Amino acid sequence: MFVTTVSAQKKLSRDERMKWWREARFGMFIHWGDYAQWAGMYNDVKVAHGGEWIMNRGKIPVATYQAAAKTFNPVKYDADAWVRMAKDAGMKYIVITAKHHDGFAMFKSNASKWNIVDATAYGKDVLKPLAEACKKYGIKLGFYYSQAQDWNNPGGAVSRKVATDGWANPDSARIDAYTKEHDGHWDPYQTTATMSEYIDRVSVPQVKELLTNYGDVAVLWWDTPTGMKDEFAEKLNAALALQPNIITNDRLKRPNFPGDYETPEQKIPNLGELDGKDWETCMTMNGTWGYKSYDNKWKSPETLIHNLIDIASKGGNYLLNVGPDALGQFPQGSIDDLKAIGAWMKVNSEAIYATTASPLAALPWGRCTKKIEGDKTILYFSVFKWPVDGKLMVPGLKNVVLSAKLLADGTALKTTDGKDGLEINVPANAHSPIASVIKIEVKGVMTSNADKGKIKSGSID
């Protein structure tokens, strides 16, 4: 058995625990479960919202949903290939849905038979080979776990709003009557236990299984504290002692369990919005988290790379999602985007990894990240709009320049101190049509509001 021994390790300080995460900047989210075989369709109708929400949005009865899982058989699942794709794209960690809101565990669980080993034709735990591949390739592994919402295990919570907004033009009286009677549930089986019983019977035991059977777990990614009480959160929080150096997000139970970082979803915060906080934007490549056969509106590599740079320039991490299909394959659109990101990162990752937020005001032509080394600051300017006149102006930069060059090939660049900032003479053509990086070393330690509590004594914490 793949059993962890980390509980015997020394417990690190928060800054020590967060060090790898702050330096990683880029990770892969994987939304995968039995819902992938529905592919966004129920009774030949396209169901709105993410593919992983199909049971809720389609109001699929528990018996019907569980019966369909018997044919779930992802025979093309290749954990090694998945992790290699993440690594080649420049990602440093993976967070996979160990259990989403439908309550289906993608691992062998003694707390509920509603898991991939006991309830499907596949009959194998998919997390163990993923954990082994992550260890092989030096990728940190994290588990997403829906601690409160569960639409199949009795007693699990259901969001009232989402339980009714799948109906076609429901009137308010009908919604009020339905939520009063069902508290958001649509199948009587869902209410045959209390939430307190569910937490004790399913949620806490499964978290303990995840933190015991898969080696080092870097991240526990809670999701939606629907119906959560402090007493429930205390029990789940206590289970984290099994992995004393684990990092958690802010979705266990607000506000008393803030976790280690905040999680803006499908958006990038404005400059200064989350200064001084650790944060991670999670985002889809198309319009869904879980697989939908008909969602082919893929974001361009340019958009995704610009997002990564923008997020790093504001001191955040980028958790970019892939939704594998029912056979266990990444959609081709995801594969293509990952390859394109990887090609850019192979040349320019120095401008992303272990960087901190820009010390400068917003730049009209691109973004800035930085590193501090002793008494000097390294600035990385990712240029989205290459200047047609060969002169790039950096407003407000008055520090003495020690060196300036193109990151891609080391070409030295001439700089001139101007009245409004630093002027950099650049070649006529950009090295990359997406973002070319200029590396500047200057005297002095330049910090920003986003560095609060993260940079000490002129070094990266």
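The values are calculated or read from the model by the stated rules, or taken from the named source; none is laboratory data. Quick caveat: nothing in here was measured; it's all calculated off a predicted structure. As a convention, Cβ positions derive from the backbone with ideal geometry for all residues, glycine included, and neighbour counts pool all protein chains shown. All accessible areas refer to the heavy atoms of the entire protein, side chains included, with ligands and DNA or RNA removed. Shrake-Rupley method; radii C 1.70, N 1.55, O 1.52, S 1.80 Å.
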Starting at 0 and stepping by 10 Å, how many percent of the alpha carbon pairs of the stretch 53-128 end up in each bin?
17, 43, 30, 10, 0
Backbone N within the stretch 195-232 under 13 Å of label point (7 Å from Asn256 Cα along the Cβ vector):
228-232
Karplus-derived HN-Hα couplings along the stretch 189-203 (A = 6.51, B = -1.76, C = 1.60, θ = phi - 60°), whole Hz, x at Gly and Pro:
4, 5, 10, 7, 8, 8, 5, 4, 5, 4, 4, 6, 7, 10, 5
Which of the three applies to the stretch 331-461, rounded, prolate or oblate, going by the alpha-carbon gyration tensor with a ≥ b ≥ c and a/c under 1.5 meaning rounded?
oblate
How long are the semi-axes of the equivalent ellipsoid of the stretch 280-333, defined as square roots of 5 times the Cα gyration tensor eigenvalues? Whole Å, largest first.
23, 11, 8
How far apart, in nm, are the 7 Å Cα→Cβ label points at Lys70 and Asp409?
6.4
Nearest 20 debye, what's the magnitude of the dipole of the stretch 14-101 about its Cα centre given +1 on Lys and Arg Cβ and -1 on Asp and Glu Cβ?
240
Whole-number accessible area per residue in Å² for the chain, which is evaluated in the context of all protein chains at 1.4 Å
41
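Work out how much length Lys339 to Asp230 would gain on full extension: take 0.36 nm times their residue separation and subtract the Cα-Cα distance, in nm to one decimal. Please list the in-between numbers first.
Details: separation 109, 0.36 × 109 = 39.24 nm, distance 4.33 nm.
Roughly 34.9 nm would be gained on extension.
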Using a Förster distance of 25 Å, how high is the FRET efficiency between Tyr353 and Asp88, based on the Cβ-Cβ distance and rounded to 0.05?
0.95
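Give me the Kirkwood hydrodynamic radius of the stretch 319-384, using the inverse of the mean 1/r over all pairs of distinct Cα atoms, in Å to one decimal.
14.4
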Considering only DSSP beta bridges with both partners in the chain, what is the antiparallel share in %, to the nearest 5?
55
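How much length would be gained if the chain were fully extended between Thr194 and Arg14, taking 0.36 nm per residue of separation minus their Cα-Cα distance, in nm to one decimal?
Working: separation 180, 0.36 × 180 = 64.80 nm, distance 3.51 nm.
Full extension from Thr194 to Arg14 adds 61.3 nm.
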In sequence order, what are the phi-derived ³J(HN,Hα) couplings for the stretch 128-137 according to the Karplus relation 6.51 cos²θ - 1.76 cosθ + 1.60 with θ = phi - 60°, rounded to whole Hz, with x for glycine and proline?
5, x, 5, 4, 5, 5, 4, 5, 4, 9
If you take the square roots of the eigenvalues of the alpha-carbon gyration tensor of the stretch 306-348 and sort them as a ≥ b ≥ c, do you get rounded (a/c under 1.5), prolate (a/b over b/c) or oblate?
oblate
Residues of type aspartates and glutamates that Lys346 reaches as a straight line, Cα spacing below 19 Å, ignoring anything fewer than 8 places off in the same chain
Glu23, Asp88, Glu302, Asp310, Asp336, Asp337, Asp409
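If you wrap a convex hull around the C-alpha atoms of the stretch 360-425 and split its volume per residue, what is the figure in Å³?
Details: hull volume 6.5 nm³, N = 66.
So the per-residue hull volume is 99 Å³.
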Estimated distance in nm for a label pair at Asp375 and Val45, the labels positioned 7 Å out from Cα along Cα-to-Cβ
7.1
In Å, the Kirkwood hydrodynamic radius of the chain over pairs of distinct alpha carbons?
23.5
Which three extents, in angstrom, do the Cα atoms of the stretch 207-301 have along their principal axes, listed largest first?
41, 35, 28
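Stretch Asp275-Asn296 to full length: gain in nm at 0.36 nm per residue minus the Cα-Cα span? List each step's numbers first, then the result.
Working: separation 21, 0.36 × 21 = 7.56 nm, distance 3.49 nm.
Value of the extension gain: 4.1 nm.
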What list of ³J(HN,Hα) values in whole Hz, one per residue of the stretch 292-303 in order, does the Karplus curve 6.51 cos²θ - 1.76 cosθ + 1.60 (θ = phi - 60°) give from phi, with Gly and Pro shown as x?
10, 5, 9, 8, 10, 8, 6, 5, 6, x, 4, 4
List the lysines whose alpha-carbon lies under 24 Å from that of Lys108, not counting same-chain residues fewer than 8 positions away?
Lys70, Lys76, Lys99, Lys124, Lys128, Lys135, Lys136, Lys140, Lys208, Lys235
For a quick size check, give me the Cα extents of the stretch 1-145 along its three principal axes, largest first, whole Å.
50, 31, 29
From the residues Phe104, Trp32, Gly138, which one has its Cα farthest along the dipole of the chain in the positive direction, the dipole being from +1 and -1 charges on Cβ of Lys/Arg and Asp/Glu about the Cα centre?
Gly138
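Ignoring ligands, DNA and RNA, what percent of the accessible area of the chain is carbon or sulfur (1.4 Å)? Could the numbers behind the result be given before it?
Numbers: 9530 of 18730 Å².
Roughly 51 percent of what the probe reaches on the chain is carbon or sulfur.
Sorted by accessible area (1.4 Å probe), largest first, how do Met195, Met55 line up?
On the way: Met195 35, Met55 0 Å².
My answer, sorted largest first, is Met195, Met55.
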Report, ordered by chain and residue number, the lysines lying within cross-link reach of Lys339, taken as a straight Cα distance under 16 Å and ignoring same-chain residues fewer than 8 apart.
Lys87, Lys92, Lys299
Cβ-Cβ FRET estimate between Lys135 and Asp417, R0 fixed at 60 Å, reported to 0.05:
0.75
